[in-house]
Each structure stands twice: as C-alpha cells, then as structure tokens.
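Notes follow once the structure below has been shown.
Each value in this text was obtained by applying a stated rule to the coordinates, not by laboratory testing. Because the structure is predicted, anything quoted here is derived from the model rather than measured. Here the Cβ positions follow ideal geometry from the backbone for every residue, glycine too, while neighbour counts run over all protein chains shown.
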Amino acid sequence: MGKIILTGDRPTGRLHLGHYVGSLRRRVELQNSGEYDEIYIMIADAQALTDNFDNPDKIRDNIIEVALDYLSAGLDPAKTNIFIQSAVPELTELTFYYSNLVTLSRLERNPTVKTEIQLRNFETSIPVGFLTYPISQTSDITAFKATTVPVGEDQLPMLEQAREIVRKFNATYGETLVEPQALLPDNKICSRLPGTDGKAKMSKSLGNCIYLSDTSEDVSKKVMSMFTDPNHLKVSDPGSLEGNTVFTYLDAFARDEHFEKYAPDYKNLDEMKEHYQRGGLGDVKVKRLLINVLEEELAPIRERRAQFQKDIPAVYEILKKGTEAARAKAGQTLDEVRAAMRINYFEDSELIKSQQEKFNSL
Ligand code: TRP
C-alpha cells in the first residue's frame, strides 16, 4: 500500500507565519522528499462554512488567497493535488454514511469541538453542521485512503475520532478504509508560534499576525513593534528570553549561516542569547537580525506570489485539475464503501442474478 498524504486549511483568511512553520513549510518538504505516492491538499471551504455559514463571501474570497499562499510557499501542482472541498461531493456522501457510526455524546466530547464551541459562543445553540464537522473531516481523510495527515497538535482529537470511525466501519462492513496517522510538527516552537504581541497564538482576530503575503515594509514594522522583555529598558540591562517573542521567532527561523551574514559578532543564536541575558545587547539589534532572517525566507515566497497573481485564471485551472484528481480518487473509495455497505445495487450483477434465481425457484 502506498503512502498518501491528505491535509488542508479552512479558507478564512490569508496564511501567516504560524501556518507556515506549523504546517506549510513541512508540507513542501514532504512533497519534495519523494516519499509519498499521492499528496492531496484541500481548501476546506465546506468546513469553514460550518461556522461561517452567514458569511459565504468571506470564504469565497479567501479560496484564492489560500491557493496563492500554497503555490508561493512551494506546493507544486505537478506533485500535489490542491483541491476545493465543496467541489468533491463524494465527501458529503461519505459523511452521511459515517454519521451512523458516531454518537452525539462522542461528538460533544471531542476536545477541539468543545473549545471551538466556547470560542464561538455556540453553547446554547450549536449548529448541527458544526458539531458534526469531525465526521466530515473523517470523510476528507478516508476518501483519499490517507496514511499520513500532517496537522497541528490541536487537530489530534480529530484524528482520534477519524481512527475510531475507520475501525467501526471496517468492523461493521469489512476491511475497507485506512486508519490514518497524524504527523505533528517536529518541534514545539513550530507547533505554536506566538503572535507578534507575545500572545499564545497568531490569530487574525487578535491582529498579531505576520502574513506570508505581507510586504517587506509590513514585516519590518511588525518586527520592530514586537513584544520582547518589558524589563529590558536600557541596552546595558540584562534581558530575559522567557516569553521574548523576537527570540522565539529566531528559534523558529534562524540558522547558523544567518549569523555569518547578518550578525557576524555571533557564531550562532546561543551566543547571541547569552549576550542578551548578560546585558549589553539592545532589542533593536536583535530585531534587525530577525527582519533579515524573515526576509530571506519570505522574499522568494513574495516573488512567486507576485507571479501567480498575474494569472488568476491559471490558478483556478490548477485548482480545477487538482479537484478532478481528488474526485477520481474519492469516487473509487466511495464505490468500495457502497459495495461494503451493500448499497451498490446497480453495480452488482450477482445480486440481480441471484434474486432472479430465487424468484424463479418459488
Ligand atoms: N480542521 C482543519 C483546520 O481547521 C482543516 C481540515 C479540514 C483538515 N479537513 C481536514 C485538516 C482533513 C486535516 C485533514 O485547520
């Protein structure tokens, strides 16, 4: 059996550095590793509508933003099928069948859903579509027989629920679906990059994001106003690294080569950290380094985005091709699911023949 990747994002905004270090950069590496036989990356518009049903234009407008972010970060349509969830109706059909295998109380216990219900003030009236989105996410994964699902830690309960549904399906109808494995970011900083204000998470609503599509002026401004150590007032003061966002970002992005180029007084980040803690190193100098490091990462992404932005019809063509490939794969799985569930009446000539024989012999 081949190794197959499926993962995706809700198109509710442009992608930021948190998405980039948490998943996008890894996906590009996985894509280029040549270890995977098939890769599907999904723009989860139907899932996004479960809590944005009253704002369809937001989702509609962000499909292209996410697609541009994917392509400019290095996802290559020759190797990766990028597709739009709602344009693969097979996923909806699977969701309907899987719903029989999940109890309401199990859905209500899903920790990710629980947190999101609180965040959205859905406690007193939860839309059914929102509560059941883990079932739909199981369809997303299993339709492609995904073995590997690169996601952030917050998605682990989704994966657990998917694995349960797969086991229940296979036990009930016979071995058909593949149990997926989560692939987590390889280190902690990348799991959760804080916002520029030092808050736990980058989030559009907090206005603390650096976007992949930000201009270099935007990036400089945002880094210059980043949260550091509030007690580090004079350059000569000893500085603390605890919760110091600039250093957290350097942890996520800086490599030894960067020091040679942009901060030759230090061999590596550890040396710079020591100096900062000792006192005598000002925030501005550290921030300048971070700006250079981020620019090195973001400039090529920005350039590729500018190219793709010139030809939006071509980007939609990429999405269309990816969606066709996704439909073909999901359709095969759906055929197997229907056969296993004994609802493939027209495809099963044995069924028709044997029933004829039964009636003949009456
Ligand atoms: N729930 C994911 C998120 O919010 C997006 C998503 C939808 C997804 N379907 C998926 C991720 C299937 C992995 C696999 O980011």
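When the GluC sites (Glu not before Pro) in the stretch 277-339 are filtered for DSSP coil states and for at most 15 other beta-carbon atoms within 10 Å of their beta-carbon, no site remains.
Treat every Asp and Glu Cβ in the stretch 216-308 as -1 and every Lys and Arg Cβ as +1, leave all other atoms uncharged, and give the resulting dipole magnitude about the Cα centre to the nearest 20 debye.
That gives a dipole near 280 debye.
Run the quick spin-label model on Asn32 and Lys58: label points 7 Å from Cα toward the beta carbon, then report their separation in nm to one decimal. Here the modelled spin labels are 3.4 nm apart.
For Lys199 and Arg106, what is the calculated FRET efficiency with R₀ set at 51 Å and r taken between the beta-carbons, to the nearest 0.05? The formula returns an efficiency of 0.95 here.
Listed by chain and number, the aspartates and glutamates placed with their C-alpha closer than 20 angstrom to that of Lys58 are Asp9, Asp45, Asp69, Glu116, Asp214; residues fewer than eight positions away on the same chain are left out. Only bridges with both residues in the chain count here: give the DSSP antiparallel percent, nearest 5. DSSP beta bridges in the chain are roughly 5 percent antiparallel. Only Lys, Arg, Asp and Glu carry charge here, each on its Cβ (+1 for the first two, -1 for the last two); on that basis the chain has a dipole of about 320 debye about its Cα centre. Return the whole-Å distance between the Cα centroid of the stretch 46-90 and the Cα centroid of the stretch 271-318. Cα centres, the stretch 46-90 to the stretch 271-318: 24 Å. A crude spin-label estimate for the pair Ser125 and Ser225, with each label 7 Å from Cα along the Cβ direction, gives 3.8 nm. Legend: calculated FRET efficiency, Leu362 to Gln332, from the Cβ-Cβ distance at R0 = 35 Å, rounded to 0.05, equals 0.40. Excluding same-chain neighbours fewer than eight residues apart, the lysines reachable from Lys201 by a Cα-Cα span under 16 Å are Lys188, Lys222. Maximal additional length on extending the Gln181-Lys3 stretch stands at 63.0 nm, based on 0.36 nm per residue less the C-alpha distance.
Extending 7 Å from the Cα toward the beta-carbon at both Thr115 and Lys353 defines two label points whose distance is 5.5 nm. Look at the dipole of the stretch 168-265 built from charges on Cβ: of Gly243, Tyr173, Leu193, the Cα furthest out on the positive end belongs to Tyr173.
Summed over qualifying helices (DSSP H, 4 residues or more, each -39500 (n - 2.57)) and divided by its residue number, the chain shows a 222 nm mean residue ellipticity of -16500 deg cm²/dmol. A Gaussian network model of the chain, with springs between Cα atoms under 10 Å, assigns the largest mean-square fluctuation among Asp154, Asp218, Asp256 to Asp256. Computed over neighbours whose Cβ is under 12 Å from that of Asp283, the net charge equals +2, Lys and Arg +1, Asp and Glu -1. Among Ser213, Ser191, Ser125, determine the one that fluctuates most according to a GNM of the chain built with springs between C-alpha atoms less than 10 Å apart. For the chain, modelled as a Gaussian network with Cα springs under 10 Å, the answer is Ser125. What separates the Cα centres of the stretch 100-115 and the stretch 159-236 is a distance of 23 Å.
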